[in-house]
Amino acid sequence: QVVKIIRKSETAGSNTSAQPGIMDKRVGVLGGGQLGAMLVEAANQLRIPVNVLDVGHSSAKQVSSIGTHVEGSFKDREAIKRLAAISDVVTVEIEHVDTEILEEISGTVDVQPSWKTIRTIQDKYAQKQHLHEFGVATAKSVALETASIEKLKKASNILGLPLMLKSRREAYDGRGNYPVKTNEDFKHALKALGGNKSLYAEKWANFRMELAVMVVKTKDGVLSFPTTETVHENSICKLTYTPARGVSEAMNGKAQDLARKAVACFDGKGVFGVEMFLLEDDTLLVNEIAPRPHNSGHYTIEACRVSQYEAHLSAILDLPLRQEDLELREPAVMLNILGGEAKDSHLQIAEAALKDRWLKVHLYGKGQARKGRKMGHITVCAPTISEAERRIQPLIDLVDKGTP
Ligand code: ADP
Ligand code: MG
């Protein structure tokens, strides 16, 4: 027997021809990875239907049978139209989407955040220029007209060496970055990032640490989660510590202000991940912004009153949300579980983590691992950050050792 979920608009006495109420709105998500999955998990609790567009039985589709999923690529125009036709609000869990089609569907369906925001942000160089126009400090950047040694040399004359060569588009988890230390690296850097791609060079940031703030843009204004410290290894996020360790109240305030200011200059509603560099001389720069929930905000699921996923839904559906709802309840450390040498390394780490049930294990159901791919994460909350660090240390050791 099939159990049909009764939506509010279908209950006796309600006017079914009226606009959908807040609790009736169907959310469409472009992308079905782990960020989409955790968004669906938050929506499930309220039985908000989320329709996921992605290929196959992706992470997000696995955790919901409430929504009507769409088969296809989140880059496919026709598939996006099919998703729009069955959704009231369309959002993204990845910014590498076709914004032409988002612009087109925004005439008939609410797209959040705005397609303009996604269009600007998905080109890292355009994003930097946009932030610069609004007076938000970022690392100095030079676009390469062509991906040639000559142009790279020109950029290095302006920025100095080392510099970070970056792909303007489609970059994630460090794929799309190449540190250029000397002139000898020019050739390799261009080759590694794919000869004909659009590239730009960024001044090297001598950072003391990296910080991130999840900012929520609602219909009423800008709210922010606590400042978190992120630790990257080979350009991939490895750990987050919340609150950020050894950061003064004053510096924390500056990071909060910068993150809010950076997000305020973009249109639309939703959660944004703001990555920042805290330089040796205490200068703060925005590294990059994600127009969606973000790895550095996973900790909010266990550590805050409202998670970044609940906050994203709240923002795009206009559900009530206040600054105090985003407060930290307990310090937290988050460790990413990446694919290792063996196909099941990630499962071995997850299993080891279960020995201490304070460690909350999230697996993404991506099937067989590829080395360096994000397969899951572990969050531990404790009364103090050092207690949380102590509890997660055995897992960090295991990850560092490399499972057999
Ligand atoms: P991704 O989209 O892959 O996250 P990022 O631009 O955020 O790309 O770079 C990933 C990581 O690489 C950063 O978190 C930081 O550790 C390092 N990185 C990026 N840009 C620079 C820079 N200009 N100087 C020094 N390190 C950098
Ligand atoms: Mg990044």
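The values are calculated or read from the model by the stated rules, or taken from the named source; none is laboratory data. Being a predicted model, the structure only gives us computed values, none of them experimental. Note: ideal-geometry Cβ built from the backbone for every residue, glycine included; neighbour counts use all protein chains shown.
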Exercise for the section: Determine whether Thr240 is crowded, with 19+ Cβ neighbours inside 10 Å and more than 12 Å from ligand 1 (Cβ to nearest atom). Expected result: no
Within region 221-235, residues touching a residue at least 40 places away in the same chain (Cβ under 8 Å) and more than 16 Å from ligand 1 (Cβ to nearest atom) come out as Val222, Leu223, Ser224, Phe225, Pro226
Only unsatisfied item for Val263, checking (1) in contact (Cβ under 8 Å) with a residue 24 or more places away in the chain; (2) more than 16 Å from ligand 2 (Cβ to nearest atom); (3) over 12 Å from the mean Cα position of the chain (by Cα); (4) more than 20 Å from Tyr241 (Cβ to Cβ), is (2)
Quiz item: With respect to Ala250, is the statement that it is part of a helix (DSSP H, G or I), aliphatic (A, V, I, L, M) and either away from ligand 1 (no atom under 16 Å from the Cβ) or modelled with pLDDT under 95 (or both) true?
Solution: yes
Tell me, please, whether a residue that is under 26 Å from Val50 (Cβ atoms) and within 16 Å of ligand 1 (Cβ to nearest atom) can be found in region 325-338.
yes
- prompt: Of the residues that make up region 380-398, is at least one within 19 Å of the chain's Cα centre (by Cα) and within 21 Å of Cys237 (Cβ to Cβ)?
  reply: no
Over region 24-47, the set of residues surrounded by fewer than 23 Cβ atoms within 10 Å (Cβ to Cβ) and assigned to a loop (DSSP other than H, G, I, E, B) is Lys25, Arg26, Gly33, Leu46, Arg47
By residue number, the members of region 161-192 that are aliphatic (A, V, I, L, M) and within 16 Å of ligand 2 (Cβ to nearest atom) are Met164, Leu165, Ala171
Within region 223-244, restricting to residues that are in a loop (DSSP other than H, G, I, E, B) and within 13 Å of ligand 2 (Cβ to nearest atom), the one that is nearest to the chain's Cα centre (by Cα) is Ser235
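To keep it simple, each residue is scored yes or no on (1) within 12 Å of ligand 1 (Cβ to nearest atom); (2) small (Gly, Ala, Ser); (3) part of a strand (DSSP E or B).
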site: Ala147; (1), (2), (3): no, yes, no
site: Glu150; (1), (2), (3): no, no, no
site: Lys154; (1), (2), (3): no, no, no
site: Asn157; (1), (2), (3): no, no, no
site: Arg169; (1), (2), (3): yes, no, no
site: Tyr178; (1), (2), (3): yes, no, yes
site: Thr182; (1), (2), (3): no, no, no
site: His188; (1), (2), (3): no, no, no
site: Lys191; (1), (2), (3): no, no, no
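Every residue, every condition in (1) surrounded by fewer than 21 Cβ atoms within 10 Å (Cβ to Cβ); (2) hydrophobic (A, V, I, L, M, F, W, C); (3) under 23 Å from Leu317 (Cα atoms); (4) in contact with a strand residue (DSSP E or B) (Cβ under 7 Å, 6 or more places away or on another chain), yes or no:
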| position | (1), (2), (3), (4) |
| --- | --- |
| Val97 | no, yes, yes, yes |
| Tyr125 | yes, no, no, yes |
| Leu131 | no, yes, no, yes |
| Lys154 | yes, no, no, no |
TODO: Determine, yes or no, whether Asp281 is free of Cβ contacts under 8 Å to residues at least 40 places away in the same chain, within 15 Å of ligand 1 (Cβ to nearest atom) and on the phi < 0 side of the Ramachandran plot.
DONE: yes
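Looking at Asp220, Asp257 in this structure, which one is assigned to a loop (DSSP other than H, G, I, E, B), away from ligand 2 (no atom under 16 Å from the Cβ) and at pLDDT 95 or above?
Asp220
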- Query: Has region 112-125 got at least one residue that is modelled with pLDDT under 95 and assigned to a loop (DSSP other than H, G, I, E, B)?
  - Reply: no
All-but-one check, Pro293 against (1) out of contact with any His (no Cβ under 7 Å at 6 or more places or on another chain); (2) in a loop (DSSP other than H, G, I, E, B), failing number (1)
